[in-house]
Amino acid sequence: MRTLKELFTAEELAHLPSEGRRLELVKGKVYEMAPAGGRHGHTANRAAVRLTVHTDSAGLGHIFTAETGFILRQNPDTVRAPDVSFVSIGRLRLEDIPDGYINLAPDLVVEVVSPGDTRREVREKVEDWLRAGVKLVWVLYPISRSATVYRSVEDVRNLTEADSLEGEDVVPGFSCRLSDLFA
């Protein structure tokens, strides 16, 4: 998508007419994302529900879904919207959740890969999240029923559907069989 300006700020992005499109801002440039497909949405929802049940019952923090923008960088601005994310209660209280974009990096990000996503696009998103300070990134692959877990660009684990996703120290006590997210 191109407009009259070459670079946008997060505030300008918030005022762009989206007309039902999903927009992200990467280093000041606006990118339009196609709507998610059915399998993608189903997998993201299953992850969000399981995380919400756990974090609510333990009072750990807040789960956000795909339309929530996080300001990761400024000058030039980057606003990303993961499929599912978690922010601990110690970093963001309920009464401090803004109406607009959240100006911090989540603690956990879940990205669900769609058939049209390229490896490069997925890698760039993961790197953006990690550079911004995200502690744990789960990349879910519904077609192969697998996942990749990132603590950093060097600390990477590949999981099969026989494995479990663990919240580790980021979402304490959370565990979910990967196969349950693809059921």
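The values are calculated or read from the model by the stated rules, or taken from the named source; none is laboratory data. Since we're looking at a predicted model, the values are computed, not measured. Cβ placement follows ideal geometry from the backbone for every residue including glycine, while neighbour counts extend to all protein chains displayed. Just the protein is used for accessible areas: all its heavy atoms, side chains included, with ligands, DNA and RNA removed. Shrake-Rupley method; radii C 1.70, N 1.55, O 1.52, S 1.80 Å.
Measure off 7 Å from each Cα along the Cα-to-Cβ vector at Ile143 and Lys29, then give the distance between these two points in nanometres to one decimal. Calculated label separation equals 2.4 nm. Note on the chain: GNM, Cα springs under 10 Å; of Thr52, Thr118, Thr65, the largest mean-square fluctuation is that of Thr118.
In terms of solvent-accessible area of protein heavy atoms at a 1.4 angstrom probe, what is the ranking of Asp96, Asp128, highest value first?
Values: Asp96 75, Asp128 5 Å².
Largest to smallest exposure gives the sequence Asp96, Asp128.
The distance linking segment 1-73 with segment 113-179 is 17 Å (Cα centroid to Cα centroid, whole angstrom).
Rounded, prolate or oblate: pick one for segment 118-182, where a ≥ b ≥ c are the square roots of the eigenvalues of its C-alpha gyration tensor, a/c under 1.5 means rounded, and failing that, prolate if a/b is larger than b/c, else oblate. Before the final figure, lay out the partial values.
Details: a/c = 2.30, a/b = 1.19, b/c = 1.93.
It comes out oblate by the Cα gyration axes.
Backbone amide hydrogens, once placed in the peptide plane, bring Val112 within less than 5 Å of Asp83, Leu140, excluding anything fewer than 5 places away on its chain. When the chain is treated as a GNM with alpha-carbon contacts under 10 Å, the residue of Gly173, Gly90, Gly61 showing the greatest mean-square fluctuation is Gly90. Close amide-amide hydrogen proximity is noted between Gly61 and Ile89, each under 5 Å apart and 5 or more residues distant or on a separate chain (H modeled in the peptide plane; Pro and chain starts excluded).
How long are the three semi-axes of the equivalent ellipsoid for segment 1-87, computed from the Cα gyration tensor as the root of 5 times each eigenvalue, in whole Å, largest first?
Its equivalent ellipsoid spans semi-axes of 28, 16, 8 Å.
Run lengths n ≥ 4 of DSSP H only: what is the helix-derived mean residue ellipticity at 222 nm for the chain, with -39500 (n - 2.57) per run over all residues, to the nearest 500? Helix contribution divided over all residues of the chain: -7500 deg cm²/dmol.
Just by accessible area at a 1.4 angstrom probe, what is the order of Lys29, Lys135, Lys125 from largest to smallest?
Working: Lys29 70, Lys135 105, Lys125 40 Å².
So the residues, ranked largest to smallest area, are Lys135, Lys29, Lys125.
Backbone amide hydrogens, once placed in the peptide plane, bring Arg73 within less than 5 Å of Thr78, excluding anything fewer than 5 places away on its chain. Just to be sure I understand, if you calculate volume of the Cα convex hull per residue in Å³ for this structure, which of [x] 175; [y] 118; [z] 103 do you get? Label of the calculated value: [y]. Remark: relative contact order (the chain) = 17 percent; criterion is Cα-Cα distance under 8 angstrom and separation of 6 or more residues.
Grab the beta carbon distance between Ser175 and Leu7, set R0 = 41 Å, and tell me the FRET efficiency rounded to 0.05. Walk me through the numbers before you get to the answer.
Values: r = 43 Å, r/R0 = 1.04.
Taking R0 as 41 Å, the efficiency between Ser175 and Leu7 is 0.45.
If the chain linking Ser18 and Asn158 were pulled fully straight, counting 0.36 nm for each residue of separation and taking away their Cα-Cα distance, it would gain 46.9 nm. May I ask for the angle, rounded to the nearest 10°, between helix 38-58 and the longest principal axis of the chain, with both axes built from Cα atoms and the value confined to 0 to 90°? Approximately 70 degrees, to the nearest ten. Accessible surface for Val84 stands near 0 Å², nearest 10, in the context of the full protein assembly shown (1.4 Å probe).
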